[in-house]
Amino acid sequence: MNICFEGKRILVTGAGQGIGRDLALRLAKYKGKVFALSKRLEFLKTLKNEDSTIEIISVDLVDWNTTRTAIEKILPIDMLVNNAGVACLGPFLKLSEKQFDLTMNVNVKAIFNISQIISGDMIERKIHGSIVNVSSQASVAALKDHSIYCASKGAVDMLTKSMALELGVYNIRVNSVNPTVVMTAMGRLGWDDPKKSQSMLDKIPLGRFAEVDEVVDAIVYLLSDRSSMITGVALPVDGGFLAT
């Protein structure tokens, strides 16, 4: 699939490590002007060292106003990937208000905040924009010790659909990708225990977890004009987990 993002300004949140980092590098390889956002400046610096064309932005997405100021400074943006996320895992009865608020602020509220600014600018410029939100199979299937995380990703899916409904008239497409376990730093939080990970693998028809590149491929496709008639979808990258 021949894809080129030359002339496109693309923001990737959560780009310091994991899926976001690899995505930023891939988009830069495809000639996009990439803006990589993360709370962790030390991770962003190593990304910049790897590809000097990538612009880095260090901001805590929990801070609504600081985030808005940071995003407004880099406008215009033509494509957006809301990838930043946190996972506060534990038994439902033991999770705290602080963990709930952090998860919802990063996983849901930040998507709302950033997308509102960027889509508003897209509308003013009358461009055909594309937004991809990184969700999870946990938005559809409940997972043990993931109650807050599952709830946040369910919210991401419905926010994606609502955005697609309202922004479609402006030729702005909004989709989500919904991966199974990917053994990034976040993935290891929940699935590093071989016994626990095997219980998940047993439910995946393809018998393995997703590779980072496989998730990146799906995001790139949904960003690109190759998916020009696709909006409002939640694309599983789950090896068939949700089919069982």
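The values are calculated or read from the model by the stated rules, or taken from the named source; none is laboratory data. Just so it is clear, the model here is predicted, and its values are computed rather than measured. Virtual Cβ from ideal backbone geometry, glycine too; neighbours counted across all protein chains shown.
A few points about this structure:
- Verdict on GLU166 being acidic (Asp, Glu) and within 25 Å of LEU25 (Cβ to Cβ): no
- None of LEU37, LEU47 is closer than 16 Å to GLY20 by Cβ, at pLDDT 95 or above and either of a type in the set (Lys, Arg) or not in a strand (DSSP E or B) (or both) except LEU47.
- Close pairs from region 80-91: first closer than 16 Å to LYS39 by Cα, partner assigned to a loop (DSSP other than H, G, I, E, B) and hydrophobic (A, V, I, L, M, F, W, C), Cβ under 6 Å, at least 6 apart: ALA84/LEU61
- Members of region 27-40 that are surrounded by fewer than 20 Cβ atoms within 10 Å (Cβ to Cβ) and closer than 13 Å to THR13 by Cα: LYS39, ARG40
Condition check ((1) more than 23 Å from LEU235 (Cβ to Cβ); (2) at pLDDT 95 or above; (3) buried (at least 22 other Cβ atoms within 10 Å of the Cβ)) across all residues:
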{"position": "ILE77", "(1), (2), (3)": "no, yes, yes"}
{"position": "PRO91", "(1), (2), (3)": "yes, yes, no"}
{"position": "LYS98", "(1), (2), (3)": "yes, yes, no"}
{"position": "ASN107", "(1), (2), (3)": "no, yes, yes"}
{"position": "SER119", "(1), (2), (3)": "no, yes, no"}
{"position": "ALA138", "(1), (2), (3)": "no, yes, yes"}
{"position": "ALA142", "(1), (2), (3)": "no, yes, no"}
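- Screening region 137-244 for helices (runs of 4 or more DSSP H) wholly inside it with 2 or more residues that are out of contact with any helix residue (DSSP H, G or I) (no Cβ under 9 Å at 6 or more places or on another chain) and farther than 20 Å from ASP78 by Cα returns the ranges 185-191, 194-201.
- Pairs linking a residue in region 142-154 that is hydrophobic (A, V, I, L, M, F, W, C) to a residue that is outside any helix (DSSP H, G or I), with Cβ atoms under 7 Å and 6 or more positions apart or on different chains, are ILE148/CYS88; ILE148/LEU95; CYS150/ALA142; CYS150/LEU143.
- Residues of region 50-75 satisfying the condition of being of a type in the set (S, T, N, Q), closer than 12 Å to ALA36 by Cβ and either at pLDDT below 95 or not in a loop (DSSP other than H, G, I, E, B) (or both): SER58
- Boolean, LYS39 is out of contact with any Lys or Arg (no Cβ under 9 Å at 6 or more places or on another chain) and more than 24 Å from GLU6 (Cβ to Cβ): yes
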